[in-house]
Amino acid sequence: MTATLLNGKQIAQEIRAEIAEQVRRRVQAGKSQPKLCAILVGDDPASQVYVRNKERACEKAGIAGTVDRLPATTTGTELLARIEQLNHDPTVHGILVQLPLPKSESSADPLDERRVLDAVSPLKDVDAFSPVNVGLLMQGRPRFLPCTPHGVVQLLHRCDRGVAGKHVVVIGRSDIVGKPIASMLSQRTNMANQGDAEGGRDVANATVTIAHSRTENLADLVRQADCVIAAVGIPKLVTADMIRPGATVVDVGINRVDDKLVGDVDFEGVKEVAGAITPVPGGVGPLTIAMLLHNTVKAAELADG
Ligand SMILES: Nc1nc(=O)c2c([nH]1)NC[C@@H]1CN(c3ccc(C(=O)N[C@@H](CCC(=O)O)C(=O)O)cc3)C=[N+]21
């Protein structure tokens, strides 16, 4: 193995410790305890695990976390009403609707993901999925940064893998990862500073190419990258022959194959060529949760200083 292992789990621990300290100081100053409410509709096993992990992470950071478990039979109207209630509840700072929503059982009143995400108050939108927060980010004046892209930024920043002036190839164009990470890395100001990180490297000012399922000659394109960010959801799509020696490889993929978690990168092969690489599990995933906690504290600050 020639590549440096980018240990997301360890960096997430560091960030979570910083957040716990921030919460402690906040409460000691007489301000409210930050509170996150997650809404989980239906009984998808993977979603149950994720939500449980988020609950535990909140608890450890001194953040109040509650989960609303709603049956898969919940109608669109019912879910929107619940969100509206939480929007107006001053004790709740952050709201998260766990995705994916289940296939609707009510065809007359379905669960429409776009409508549901649009309903979350932009000031409590800790996922940063609301159009207002997406727009603010695109304009270079972010309020909340989306958790997974922000996790990638923190990882690069804290591992001294700055991308300023470098060519980053993002594989994947989703609203949750591909589009926002491409925007963030090409912006003028270091996105990691929002995470209060000291030192580290400038994780901005990159030249970014977005590749996707219609990209021709993907291998040739990826070979030109100083930094590859894989976020497509295709197991082992990125192989060693596609990597320029010394490049940084960030694997955002979470794929379940034969009950095992694998990324979009063929880790075993790529680690022999890359300069640095994130593992799956233990890479970007733990950072996603850390940045959710960060956003929850930020939401509390927006609400009452
Ligand atoms: N509204 C909403 N917000 C989300 O942020 C959101 C969501 N819906 N739906 C599902 C995806 C997925 N996601 C992950 C978070 C952490 C890990 C994580 O910590 N993974 C561990 C391993 C966990 C395991 O073993 O299953 C790791 O990579 O080391 C993975 C996936 C957040 N998501």
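Does Q10 satisfy the condition of being under 26 Å from E268 (Cβ atoms), without any contact (Cβ under 8 Å) to a residue 12 or more places away in the chain and more than 11 Å from the ligand (Cβ to nearest atom)?
Yes; evaluated as a whole, the condition is true for this residue.
Kindly check whether there is at least one residue in region 278-296 that is away from the ligand (no atom under 15 Å from the Cβ) and in a helix (DSSP H, G or I).
No: zero hits.
Test of understanding: among I181, I171, which residue is at pLDDT 95 or above, within 14 Å of the chain's Cα centre (by Cα) and of a type in the set (V, I, T)?
I181
C37 versus (1) crowded, with 20+ Cβ neighbours inside 10 Å; (2) away from the ligand (no atom under 16 Å from the Cβ): which is the lone unmet condition?
Here C37 clears every test but (2).
Any residue that is open to solvent by less than 10 Å² (accessible area, probe 1.4 Å) and either more than 22 Å from L96 (Cα to Cα) or touching a Cys at 6+ places or on another chain (Cβ under 8 Å) (or both) - is there at least one of those in region 137-153?
So far as region 137-153 goes, no, none of its residues is open to solvent by less than 10 Å² (accessible area, probe 1.4 Å) and either more than 22 Å from L96 (Cα to Cα) or touching a Cys at 6+ places or on another chain (Cβ under 8 Å) (or both).
Looking at region 253-277 only, could you name the residues that are assigned to a helix (DSSP H, G or I) and acidic (D, E)?
Passing the criteria: only E268.
Only residues that are away from the ligand (no atom under 16 Å from the Cβ), free of Cβ contacts under 8 Å to residues at least 60 places away in the same chain and assigned to a loop (DSSP other than H, G, I, E, B): list them for region 79-107, please.
Answer for region 79-107, where residues must be away from the ligand (no atom under 16 Å from the Cβ), free of Cβ contacts under 8 Å to residues at least 60 places away in the same chain and assigned to a loop (DSSP other than H, G, I, E, B): D89, T91, S104, E105, S106, S107.
Is it fair to say T207 is away from the ligand (no atom under 13 Å from the Cβ), touching a His at 6+ places or on another chain (Cβ under 7 Å) and not basic (K, R)? Steps first, answer last, please.
Details: away from the ligand (no atom under 13 Å from the Cβ): yes; touching a His at 6+ places or on another chain (Cβ under 7 Å): yes; not basic (K, R): yes.
The answer is yes for T207.
Just a yes or no: is a residue in region 241-251 among the aliphatic types (A, V, I, L, M) and surrounded by fewer than 17 Cβ atoms within 10 Å (Cβ to Cβ)?
no
Hey, among D125, D118, which residue is over 21 Å from D43 (Cα atoms), within 13 Å of the ligand (Cβ to nearest atom) and charged (D, E, K, R)?
The conditions single out D125.
Can you tell me which condition G76 does not meet? The list is (1) under 30 Å from S107 (Cβ atoms); (2) without any contact (Cβ under 8 Å) to a residue 60 or more places away in the chain; (3) within 16 Å of the ligand (Cβ to nearest atom), and all the others hold.
(3)
The values are calculated or read from the model by the stated rules, or taken from the named source; none is laboratory data. Keep in mind the model is a prediction, meaning the values are calculated, not measured. Every residue, glycine among them, receives a Cβ derived from its backbone with ideal geometry; neighbour counts consider all protein chains shown. Keep in mind that these areas ignore ligands, DNA and RNA; they rest on the heavy atoms of the full protein, side chains included. Shrake-Rupley method; radii C 1.70, N 1.55, O 1.52, S 1.80 Å.
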